[in-house]
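My questions all concern the structure below.
Every read-out reported here was derived from the displayed coordinates using simple, explicitly stated rules and does not represent laboratory data. Just so it is clear, the structure is predicted and the values come from calculations on it, not from any experiment. Glycine gets a Cβ as well: all are built from the backbone with ideal geometry, and neighbour counts include every protein chain shown.
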Amino acid sequence: MHSPLATIKHNWRAFSPHEKRNIVIYIIGIMLCKFGLEAFTGSIIALATNRYDYDAARQNTTPITFERIGLLTGLNQSFQCVGSIIIAPLVRRFPTKNVLAAAIFIFGLFSAIILIVDGSTGGRIKPSNWSQTHDEEDFAYYGDYNTDGMIPIYCFTGIGYGMVELIRRITPRDIVGGDVEKLRCMDAKISEAGFRGWRLA
């Protein structure tokens, strides 16, 4: 009976050196991409929550935080579906790598817009001694812009997110072709790498 390690080594030998290199690059890229996407999602939700609470406290009005966060999240997920749908005609017409590059560019562009808008409206990095000199719910270091403006920006990032999520399922076919056995081996290796990355995290 073969050990799991021996089976992995045997399966790894089925790939050519060029395929092995591309698989390693693909796995590293997926890990970095997922980390970036999840970190961005958490940051946006935290930023929106703080801003809506701060706006309500500053204007002495009833907070609408949960209402807006629900809208923000729901629309983002809807636009992820849109991104996934438009992938099919795009990959038929253009190379997968070009579509992926465009998706990541869209995501990066709209992510940067939030930082640019915040910085241009007086926002700044939280000072190191802010917590000692201000209340816990004082977010005056944020930029002075309408928080609802984050909603359309987050929607467009959802398109990029949806495109990337679907493209990463197409890429293995471009790496190893239509060989079913190689695709299964590659899928197993990606799952193993993901599990190891999760354990390290």
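With label points built 7 Å along Cα→Cβ from the Cα atoms of His134 and Glu38, find their separation and express it in nm.
The modelled label-to-label distance comes out at 3.0 nm.
Separate question: Indicate the gyration tensor shape class of segment 86-201 (rounded, prolate or oblate), computed on the Cα atoms with a ≥ b ≥ c the square roots of the eigenvalues: a/c under 1.5 is rounded; otherwise a/b larger than b/c is prolate and the rest oblate.
oblate
Another question, if that's okay. Once R0 is set to 22 Å, what does the formula 1/(1 + (r/R0)^6) return for the Cβ-Cβ distance between Ala101 and Ile151, expressed as a FRET efficiency to the nearest 0.05?
Efficiency for this residue pair is about 0.25.
As an exercise, find the ratio Rg/Rh for the chain from alpha-carbon atoms, using the Kirkwood inverse-distance average for Rh.
1.09
Note down the net charge around Glu137, summing +1 for each Lys or Arg and -1 for each Asp or Glu among other residues with Cβ under 15 Å from its Cβ.
My count for the surroundings of Glu137 gives -2.
Using only helices, what value at 222 nm comes out for the chain when you add -39,500 (n - 2.57) per DSSP H run of length 4 or more and divide by the total residues, to the nearest 500 deg cm²/dmol?
One gets -27500 deg cm²/dmol as the mean residue ellipticity at 222 nm.
Using the basic label-point model (7 angstrom from Cα toward the beta carbon), what is the Asp174 to Ala188 distance in nanometres?
Each label point lies 7 Å from its Cα, and together they span 2.6 nm.
Sorting check: for 77-85, 126-134, which peptide has the highest mean count of neighbouring beta carbons within 10 Å, and how do the rest follow?
Those peptides, ordered most packed to least, come out 77-85, 126-134.
Mark the label point 7 Å from the Cα of Leu109 along Cα→Cβ and return the residues of segment 169-191 whose backbone N is within less than 15 Å of it.
none
Compute the distance in nm between two label points, each set 7 Å from the Cα along the Cα-to-Cβ direction, one at Asn60 and one at Glu19.
The two pseudo-label positions are separated by 7.1 nm.
Can you put Arg13, Arg184 in order, fewest other beta carbons within 10 Å first?
Least to most surrounded, the residues fall as Arg13, Arg184.
Starting with the highest mean, order 135-142, 167-174, 151-158, 45-52 by the number of other Cβ atoms within 10 Å, averaged over the residues of each peptide.
151-158, 45-52, 167-174, 135-142
Let me ask something additional. When only C-alpha pairs under 8 Å and at least 6 residues apart count, what is the relative contact order of the chain, in percent?
Computed value for the chain: 31 percent relative contact order.
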